[in-house]
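The values are calculated or read from the model by the stated rules, or taken from the named source; none is laboratory data. Bear in mind that the values here come from a model prediction, so they are computed numbers and not experimental data. FYI the Cβ positions are ideal-geometry reconstructions off the backbone, even for glycines, and counts take in every protein chain you see. Quick note on the areas: whole protein, heavy atoms, side chains included, nothing else; ligands and nucleic acids left out. Shrake-Rupley method; radii C 1.70, N 1.55, O 1.52, S 1.80 Å.
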There are 2 protein chains.
Amino acid sequence: MSVLGGIEAGGSKWECAVGTGPDDLHALETIPTTTPVETIDRVASFFERAGPVASIGIGSFGPVDADPDSPTWGYITSTPKPGWANTSVAQEMRSRLSVPVAFDTDVNAAALGEHRWGAAQGLDTFCYVTVGTGIGGGGMAGGKLLHGFGHPEFGHMRIPHDLELDPFSGACPFHGDCWEGLASGRALEQRWGRSPAELDGDARVWNLQAHYLALGLVSVVYVLSPERILIGGGVMRHPDLLSLVQREVGRLMNGYQDVPAIMLPALSPRSGVLGALALAQSAPA
Amino acid sequence: MSVLGGIEAGGSKWECAVGTGPDDLHALETIPTTTPVETIDRVASFFERAGPVASIGIGSFGPVDADPDSPTWGYITSTPKPGWANTSVAQEMRSRLSVPVAFDTDVNAAALGEHRWGAAQGLDTFCYVTVGTGIGGGGMAGGKLLHGFGHPEFGHMRIPHDLELDPFSGACPFHGDCWEGLASGRALEQRWGRSPAELDGDARVWNLQAHYLALGLVSVVYVLSPERILIGGGVMRHPDLLSLVQREVGRLMNGYQDVPAIMLPALSPRSGVLGALALAQSAPA
């Protein structure tokens, strides 16, 4: 099997890897996200040193243009991240390194990684949700990564919000109290004035957090009917949160349908970069 | 092309057709939904008279078991409709008529019909939503009908509900104020004490209705990223509702992503029975 390159392009860091899979990574490097020019240059230099690779897969923060027929394929498009709107990532990397490049969202890449080597092996229809600074979601339906008009943006669904119980107006610059606006790490920090790590042990915080996460997952269940839900990201590292979320999803669904399994990703924290490596195999020659 | 049979099995009536497509229907019959035994018997008799057919497709109200590997494949399962829980539909029809039978939800069948002959031709990823007595949803992702752990149940997503603006507690026996609980025809009737047809001209009614419908569609957009949303059913016959919904979806998405086209189904009110006919082509021999 050819040696491949994988890039998980994140808002705070880019994880880069060279290898063929989780048990065969020749090189790994974490590069901080600064300006587009500097970041892409440092990533390209890593592959020049660690390569050669037959192709590269990129899973990127977004929103992105993942339509191979679009002139702006491989761009990060309307991100609010300063300096990064309308940045060519995949085309730039392809011309710098002269190798085929495949491109998708960070969460679809992570879903692909979990499908190939992790907790979604053998499944046709599942989703991958990450709860970090923001909330992202991707996955597969019928054995194919989710794409359509654009790509999924689970984090921007609207969910019920009882302003008497929780007067926090939400952290999303576009929608205020959408799912991400209420349940991301950024929302936790803004609501309580402390980082998620400093909130350990406060049951009120984590019960509300589980409630919000479950409300969004219920919508995902009823739209996509996933065989399994993988949910990761920094916020999910809170020790009780997964079981609180599982219980709350069951309570909200109230026996109407069976509740699909909800579990942590198996490859975490490398689901994304390994998924990018898996994505590289589909790069057009 | 073989002559096929299609059945849209609904909670109030079953639509039956024999033919090869929308321009070639040899026979059509509407049979009221009474008891399972009587209804299925009358439907089987129709096909005995109108046939022979090479195979039959059934799109059914649900929840259903659409897993071909399940012993209860083709059953209506946990429906609250009296007398209909755990009813064998597809297996019963197959043994009565000795023809291959394909089975799916009513909304997936309608989506397939629109894909073959209607407003979703050429699309890979789209959804079909019906707003009638309840709310149902189906569609395709990556060119395949949506299936997973079970099947989609769009109507049971949770959406924001401002109890000060709308103190109605919701019409869903399982979830109270889920999407269907707030925005179905049954909800309209229970909230306002009049049938949807009697509510024409009351802007307050239809603005609130459009708001609720849009909140659910936004979740569908962010999970599935459909290239197009087809939305039909009796409630959508209100003359201004589609344009109110289109505007409200745009307002809620607030420029974060482009808004997919939202339109009425092209084959309405025969999307379901024609889709069932299309489904018949995939019946296993």
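Assess whether B:T105 counts as being at pLDDT 95 or above and surrounded by 24 or more Cβ atoms within 10 Å (Cβ to Cβ). Here the answer is yes, as B:T105 does meet what is asked. The residues of segment A:239-259 that are open to solvent by less than 20 Å² (accessible area, probe 1.4 Å) and more than 9 Å from chain B (Cβ to nearest Cβ), listed by number, are A:L241, A:V245, A:V249. Scanning segment A:199-217 for residues that are more than 13 Å from chain B (Cβ to nearest Cβ), in a helix (DSSP H, G or I) and more than 20 Å from the chain's Cα centre (by Cα) gives A:L199, A:A203, A:R204, A:V205, A:W206, A:N207, A:L208.
I'm trying to understand the selection: among the residues of segment A:187-203, which are at pLDDT 95 or above and either out of contact with any Gly (no Cβ under 8 Å at 6 or more places or on another chain) or open to solvent by 10 Å² or more (accessible area, probe 1.4 Å) (or both)? Answer for segment A:187-203, where residues must be at pLDDT 95 or above and either out of contact with any Gly (no Cβ under 8 Å at 6 or more places or on another chain) or open to solvent by 10 Å² or more (accessible area, probe 1.4 Å) (or both): A:L188, A:E189, A:Q190, A:R191, A:W192, A:G193.
Being at pLDDT 95 or above, away from chain B (no Cβ under 14 Å) and within 25 Å of A:S282 (Cβ to Cβ): is that true of A:G113 here? Considered against the rule, which asks whether it is at pLDDT 95 or above, away from chain B (no Cβ under 14 Å) and within 25 Å of A:S282 (Cβ to Cβ), A:G113 comes out as yes. Counting the residues of segment B:153-171 that are closer than 20 Å to A:V221 by Cα and either open to solvent by less than 10 Å² (accessible area, probe 1.4 Å) or among the acidic types (D, E) (or both) gives 6. Among the residues of segment A:127-150, what is the count of those that are surrounded by fewer than 24 Cβ atoms within 10 Å (Cβ to Cβ), touching a residue at least 40 places away in the same chain (Cβ under 8 Å) and at the interface with chain B (Cβ under 8 Å from one of its Cβ atoms)? Selection size over segment A:127-150: 2.
Is it true that A:L213 is touching an Asp or Glu at 6+ places or on another chain (Cβ under 8 Å), buried (at least 17 other Cβ atoms within 10 Å of the Cβ) and under 19 Å from A:D106 (Cα atoms)? Please lay out each step first, then the result.
On the way: touching an Asp or Glu at 6+ places or on another chain (Cβ under 8 Å): yes; buried (at least 17 other Cβ atoms within 10 Å of the Cβ): yes; under 19 Å from A:D106 (Cα atoms): no.
No; evaluated as a whole, the condition is false for this residue.
Residues that are hydrophobic (A, V, I, L, M, F, W, C), buried (at least 19 other Cβ atoms within 10 Å of the Cβ) and assigned to a loop (DSSP other than H, G, I, E, B) within segment B:31-71 comprise B:V53, B:F61, B:A66, listed in sequence order. Against the definition (touching a residue at least 60 places away in the same chain (Cβ under 8 Å) and either open to solvent by 10 Å² or more (accessible area, probe 1.4 Å) or assigned to a strand (DSSP E or B) (or both)), how does B:A283 come out, yes or no? Considered against the rule, which asks whether it is touching a residue at least 60 places away in the same chain (Cβ under 8 Å) and either open to solvent by 10 Å² or more (accessible area, probe 1.4 Å) or assigned to a strand (DSSP E or B) (or both), B:A283 comes out as yes.
Looking for whichever is open to solvent by less than 40 Å² (accessible area, probe 1.4 Å), touching a residue at least 60 places away in the same chain (Cβ under 8 Å) and not in a helix (DSSP H, G or I) here; the options are A:I229, A:I262. Which one fits? Let's see the steps before the verdict.
On the way: A:I262 fails: touching a residue at least 60 places away in the same chain (Cβ under 8 Å).
Unique residue meeting the criteria: A:I229.
Exactly one residue among B:V235, B:V220 is within 13 Å of chain A (Cβ to nearest Cβ), closer than 27 Å to B:F168 by Cα and touching a Pro at 6+ places or on another chain (Cβ under 8 Å), and that residue is B:V220. Are there any pairs, at least 6 apart or on different chains, whose C-beta atoms fall under 8 Å, with the first in segment B:26-42 and modelled with pLDDT of 95 or more and the second outside any loop (DSSP other than H, G, I, E, B) and open to solvent by 70 Å² or more (accessible area, probe 1.4 Å), and if so, which? If the second residue must be outside any loop (DSSP other than H, G, I, E, B) and open to solvent by 70 Å² or more (accessible area, probe 1.4 Å), the pairs left are B:T30/B:K13; B:I31/B:K13; B:I31/B:R42; B:P32/B:K13; B:T33/B:K13; B:I40/B:E92; B:I40/B:R96.
Criterion first (over 11 Å from the mean Cα position of the chain (by Cα), free of Cβ contacts under 8 Å to residues at least 40 places away in the same chain, open to solvent by less than 20 Å² (accessible area, probe 1.4 Å) and at the interface with chain A (Cβ under 7 Å from one of its Cβ atoms)) does B:H175 satisfy it?
Details: over 11 Å from the mean Cα position of the chain (by Cα): yes; free of Cβ contacts under 8 Å to residues at least 40 places away in the same chain: yes; open to solvent by less than 20 Å² (accessible area, probe 1.4 Å): yes; at the interface with chain A (Cβ under 7 Å from one of its Cβ atoms): yes.
So B:H175 passes the test.
For segment A:94-198, the helices (runs of 4 or more DSSP H) that sit wholly inside it and include 1 or more residues that are small (G, A, S) and under 27 Å from B:C127 (Cβ atoms) are A:106-117, A:179-183. Reported count of residues in segment B:216-226, each being in contact (Cβ under 8 Å) with a residue 60 or more places away in the chain and surrounded by 24 or more Cβ atoms within 10 Å (Cβ to Cβ), is 6.
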